[in-house]
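> There's a structure below that I have some questions on.
The values are calculated or read from the model by the stated rules, or taken from the named source; none is laboratory data. From a predicted model like this one, the values you see are computed outputs, not experimental measurements. Here the Cβ is made from the backbone with ideal geometry for all residues, glycine too, and neighbour counts use every protein chain on show. All accessible areas refer to the heavy atoms of the entire protein, side chains included, with ligands and DNA or RNA removed. Shrake-Rupley method; radii C 1.70, N 1.55, O 1.52, S 1.80 Å.
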Amino acid sequence: MTVNPQDFVEHIARLVRTIPEDPEISRAADLFTKALTGGGVIQAFGSGHSEAVAMEIAGRAGGLVPTNRLALRDIVRYGDAPASELDRYDLERDPAVARQILDLAPVQQQDLFVIISNSGVNGVVVELATLVKERGHDLIAITSRTHSEAVASRHPSGRKLADLADVVLDNHAPYGDAVLPLPDGGATGAVSTITSALLAQLVVTQTVRNLLEAGEVPPVYLSANVPEGDEHNLRLEALYAGRIRRGA
C-alpha cells in the first residue's frame, strides 16, 4: 500500500464538485442575510483546527465586515481566567467554558451564530450551541455528519452540535477525518478544514449575492494589502464599533 498524494487531490476535487449542490447552503445564506439586514453580526466559533474556519468567516479579505470570532482564548483575553487555563488538554471538552465565552462576547439579540466542529460532540461546542438556542439566536453548524454519528457525545445532555442547529452544513469528512489509509493502520490527508472552509465561503458569497439582489451594498472587506484597503475597512468597521473584535 502506497500513499499517493494525487488520490487526496482527486478525493478533494470530488467533494468540491458535489458540496456546492447542498441546498442547506442557500438556507444558511438566507439566515446570514436575515441577520445582516436586521442589524445583526455573525458570531463564529471553532476550537482546534475548526478555528481556521471561523477565521474564514470573520475578518478576512472578501468577507463580511459585521462578523466576530469567538475563541477559547477569550476566557483569558477578555476574562479573568489565568493563561494556564489554555494549557488544559480537556479545555474544549469542558461545558462550563462555553458560558464564559458567551458571557464575555459582544452579542446582541439579532446576531446569528456559526459553530464549527468536525466531530460536533465536545462539551464546549454542544454547550455553546445549547446556550445560543436558549437565548433565541439562529444557529448554523458546520460539521461532519459521518464522524458525529459514529461517536458518543461528550456533553452531559447526550446531544451533539447537529441536534441543536437550525441549519447543518455537512463537510463530508469521513470518520477520523483523513482519507488515505496507512499500511499499519490510521490514515493521512485530512479533509475537514478544506471542505468546511469551502462551505463557509459558499455561504458568504451567496449572502453577498442575496444582498446585491435586494439592492443593498454588501459590507465586504478589501485586502489590507491593497493601498485603499485600510481606509475602506476601518470605515466599515466603525459602523459596528464595540460589536466586532479584530486581532489574534
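> In segment 129-199, which trypsin sites (Lys or Arg not before Pro) are in a loop and have at most 14 other Cβ atoms within 10 Å, using DSSP for the loop call?
Arg135
> If you don't mind, there's one more thing I want to ask. What number, rounded to the nearest 500 deg cm²/dmol, is the helix-based mean residue ellipticity at 222 nm of the chain, given -39500 (n - 2.57) per DSSP H run of at least four residues and division by all its residues?
Calculated from helices alone, the mean residue ellipticity at 222 nm is -12000 deg cm²/dmol.
> At Ala214 and Ala61, where each label point lies 7 Å from the Cα along Cα→Cβ, what is the point-to-point distance in nanometres?
2.8 nm
> Additional query: Stretch Gln201-Ala238 to full length: gain in nm at 0.36 nm per residue minus the Cα-Cα span?
In short, 10.9 nm is gained.
> Please compute the net charge surrounding Ser144, taking Lys and Arg as +1 and Asp and Glu as -1 over other residues with Cβ under 15 Å from its Cβ.
-4
> Please list the radius of gyration and Dmax for segment 162-232, considering alpha-carbon atoms only, with Å as the unit.
18.4, 57
> Can you give me the relative contact order of segment 1-148 as a percent, contacts being Cα pairs under 8 Å and 6 or more apart?
Value for segment 1-148: 23 percent.
> Between Asp80 and Leu104, what length in nm is gained on full extension when 0.36 nm per residue of separation is reduced by their alpha carbon distance?
Length difference between fully extended and current span is 7.6 nm.
> Treat segment 174-215 as a sphere of radius equal to its Kirkwood radius over Cα pairs and apply Stokes-Einstein at 37 °C in a medium of 0.692 mPa s; give the translational diffusion coefficient in µm²/s, rounded to a whole number.
D = 263 µm²/s.
> Under a Cβ-Cβ cut-off of 13 Å, what is the net charge of the residues other than Arg209 that fall near it, where Lys and Arg count +1 and Asp and Glu count -1?
After counting each charged neighbour, the total is -3.
> Below 13 angstrom from the Cβ of Leu31, what's the summed charge of the other residues (Lys, Arg +1; Asp, Glu -1)?
Local net charge: -3.
> Nearest 0.05, what FRET efficiency do Arg14 and Ala52 give at R0 = 30 Å with Cβ-Cβ as r?
0.85
> Using 7 Å Cα-to-Cβ label points, what is the Leu182/Asp7 separation (nm, one decimal)?
Label-label distance for Leu182 and Asp7, simple model: 1.4 nm.
> Moving to a separate point now. Can you list the residues, at least 5 places off or on another chain, whose amide H is less than 5 Å from the amide H of Arg69, using H built in the peptide plane?
Ala44, Arg245
> Express in Å², to the nearest 10, the accessible area of Thr2 obtained by rolling a 1.4 Å probe over the protein heavy atoms while all chains stay in place.
120 Å²
> Pull out the extension gain between Thr146 and Asp230, defined as 0.36 nm times the separation in residues minus the alpha carbon to alpha carbon distance; nm, one decimal.
Result: 26.1 nm gained on full extension.
> Rg to Rh for segment 112-248: what is it, with Cα atoms only and Rh by Kirkwood?
Ratio of gyration radius to Kirkwood radius: 1.06.
> Compute the FRET efficiency between Arg88 and Glu134 as 1/(1 + (r/R0)^6), taking r as their Cβ-Cβ distance and R0 = 22 Å, and round to the nearest 0.05.
Calculated transfer efficiency: 0.30.
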